[in-house]
Amino acid sequence: MPPLDEFRKQIGDVPAHDDAATLKLKSLDFYWFSPILKRQLADCRGDIAVRPRNRDEVLAVAAAAARTRLPLTVRGGGTGNYGQAIPLSGGVVLDMGALDGVVSVSPGVGTFEAGATMLEIDKALAPQGWELRFHPSTRKQATIGGFVAGGAAGAGSCTWGQIADPGAVLAVEVATVEENPRVLRLEGPDVLKVLHAYGINGILLSVTVPLAPRHPWAERILAFPDLARAARFGQALTEAEGIAKKLVSVFDPRIPPKLGRLSAYVPEGRAAAIVMVSEPQAGALIDMAARFGGEVTFARSAEEADRVAFEGLGSPGPLYEYTWNHTTLHALKREPDITYLQVRFPPDGMLELVDTVAATFGDELLLHLEFQRRFGRVVCSALPLVRYTSDARLDEVIATLDAMGAAVSNPHTFVLDNAGWKRVDAPQPEFKRVADPHGLMNPGKLAGT
């Protein structure tokens, strides 16, 4: 019996689809942000997409894949930007979206099934006065398992750091892909074995994370005379430990016109910042912005912001949906020749290097900065918009940035090479031999395999 037919037989009544439309939908992500990945990955498809309804069905899928030796690619919300969840070798696409429950919540900590979206988690936590510490700009679609396996940072990182920081993830449950799957619990530093690993080394079943006290997050757009002053405001606000904030994003003056509905709120030629601040401290935010020549051009109360995010009522949409990689999405809708990079500026001399980069590339590279805390220091990562002309020129831009001291994590490759600013210091290849002894999970993504 062909392996695919045997797989179908072994999974029984687990929901499965193999029609062309479903396979295209479930096999692709936002890889097309990269013109390089667009060429390489556009035709990749799984052979069958399954959507188990509970943990037992996940284990049945894992066992069937191991017994038939079919490749297995795990999928969350499909919001990755560089092919994390795209099957390179066909096989099974495992959609975890039906495992979306809240397992438990107690003061300061919550456990959630891996397929729960981060917006739905926050909706469930809100009545109890808690919230996730951070979430990506794709909060509505991104699952917590997908964020752990393929993400890095987002709204909240200006206070809480990144997903790989110590204590950011307390525990995970992982199913192995074997003939008789096991469920392993990883705690403490061991969680790094599956963080930002693209699902190469086990199926995430649940995630346990610390929670933050819920604040009334008000939204503000601010305009500044130039990027330099906006960036210095961003650093000052992120350093201001007395002001509770969840988002500090800064944009070159040439970016706001590319942000759709938000363009109306930023005067032409002005740099901009998008901020989420605890509403009682909005006055302190205004005072700080004034020191750098900034003024508020759009204000939305916390109550209104919740209504927009939780109920989809109001316009524009949540301001975080114009930050992080949503900035690239909005720009691409208007200028298809744009792509992006991921860059981290070192904390020492950070803003001076930002100034140098901005002056070096002119209209070819437009800086979009996301301010964060990492290991006790304020840093900014950049997701600059880059005008794409050729692969060779993109490589030159990356090499120039690296030579200047700005660390580039290349988003134009699907290979997990444990390099760049998303490096995870854990024995991921070694753990893969434990959790995926047949090498079936997301093949082709780990360098050297």
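FYI, it's all coordinate maths here, none of it is from the lab. It should be emphasised that the depicted structure is a prediction, and the values quoted were computed from it without experimental measurement. In this analysis, Cβ positions are derived from the backbone assuming ideal geometry, glycine residues included, and neighbour counts consider all displayed protein chains.
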- Cβ-Cβ FRET estimate between Arg307 and Met1, R0 fixed at 51 Å, reported to 0.05: 0.40
- Task: Holding the Cα-Cα limit at 20 Å, pick out from Lys193/Lys246; Lys9/Lys445; Lys26/Lys445 the pairs that are longer than that.
- Result: Lys193/Lys246; Lys9/Lys445
- Task: Of the options Val296, Leu227, Leu440, report the single residue whose Cα projects farthest towards the positive end of the charge dipole of the chain (beta-carbon charges: Lys, Arg +1; Asp, Glu -1).
- Result: Leu440
- Note on the structure: Listed residues Leu313, Leu351, Leu237; largest mean-square fluctuation, Gaussian network over the chain with Cα springs below 10 Å, found at Leu313
- Cα radius of gyration and Dmax for the stretch 71-126 (Å): 13.9, 44
- Sequence-distant or interchain residues sharing an amide H contact under 5 Å with Asn442, placed H: which? Leu72, Thr73, Val74
- Message: For a quick check: with amide H placed at 1.01 Å from N, whose amide H comes under 5 Å from Val103's, ignoring anything fewer than 5 positions away on the same chain?
- Response: Thr111, Phe112, Glu113
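Calculate, for Arg393 and Gln128, the FRET efficiency according to 1/(1 + (r/R0)^6) with r their C-beta to C-beta distance and R0 56 Å; round to the nearest 0.05.
On the way: r = 51 Å, r/R0 = 0.91.
It comes out at approximately 0.65.
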- Message: Let me test this: with uniform point scatterers at the alpha carbons of the stretch 102-213, what is the Debye-based log₁₀ I(q)/I(0) at q = 0.14 1/Å?
- Response: -0.50
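Expected output is a single nm value to one decimal: the length gained when fully extending between Asp165 and Ala228, i.e. 0.36 nm times separation in residues minus the C-alpha distance. What is it?
Between Asp165 and Ala228, full extension yields 19.8 nm more.
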- Query: Taking a label point 7 Å from the Cα of His438 along the Cα→Cβ vector, which residues of the stretch 9-47 have an amide N closer than 17 Å to it?
  - Reply: 9-12, 47
- Note on the structure: HN-Hα couplings for the stretch 316-328 via Karplus (6.51, -1.76, 1.60; θ = phi - 60°), in whole Hz with x for Gly/Pro, come out as x, x, x, 5, 5, 7, 10, 10, 6, 7, 5, 4, 4
- Item | DSSP-assigned coil residues among trypsin sites (Lys or Arg not before Pro) in the stretch 271-313, each with at most 16 further Cβ atoms within 10 Å | Arg291
- Note on the structure: So, with points 7 Å from each Cα along the Cβ direction, the Ala42-Ser263 label distance in nm works out to 2.6
- Item | Label-to-label distance, nm, for residues given as Ala240 and Ser104 (7 Å Cα→Cβ offset) | 4.0
- Taking +1 at the Cβ of each Lys and Arg and -1 at the Cβ of each Asp and Glu, which of Ala273, Thr176, Val14 sits farthest along the dipole of the chain towards its positive end, judged by Cα position relative to the Cα centre? Val14
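Charges only on Cβ, +1 for Lys and Arg, -1 for Asp and Glu: so what's the dipole of the chain about the Cα centre, in debye to the nearest 20?
Numbers: 46 positive and 52 negative charges, 34 e Å.
Once rounded to the nearest 20, the dipole reads 160 debye.
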- Which of these, Ala149, Ala126, Ala65, has the largest mean-square fluctuation under a Gaussian network model of the chain (Cα springs below 10 Å)? Ala126
- Out of Ala21, Ala62, Ala236, any idea which swings most in a Gaussian network model of the chain, alpha carbons joined below 10 Å? Ala21
- the stretch 113-174, convex hull of Cα, quarter of hull surface, nm² -> 4.2
- Note on the structure: For the stretch 337-424, the Cα-Cα pair-distance distribution in 10 Å bins from 0, as whole percents, is 17, 53, 27, 3
- Query: For the chain, what are the per-bin percents of Cα-Cα distances with bins 20 Å wide, up to the bin holding the maximum?
  - Reply: 26, 57, 17, 0
- Note on the structure: Kirkwood Rh over alpha-carbon pairs of the stretch 37-92 plugged into Stokes-Einstein at 25 °C, 0.890 mPa s gives a D in µm²/s of 200
- Item | Extension gain from Glu179 to Asp355, taking 0.36 nm per residue of separation minus the Cα-Cα distance | 57.8 nm
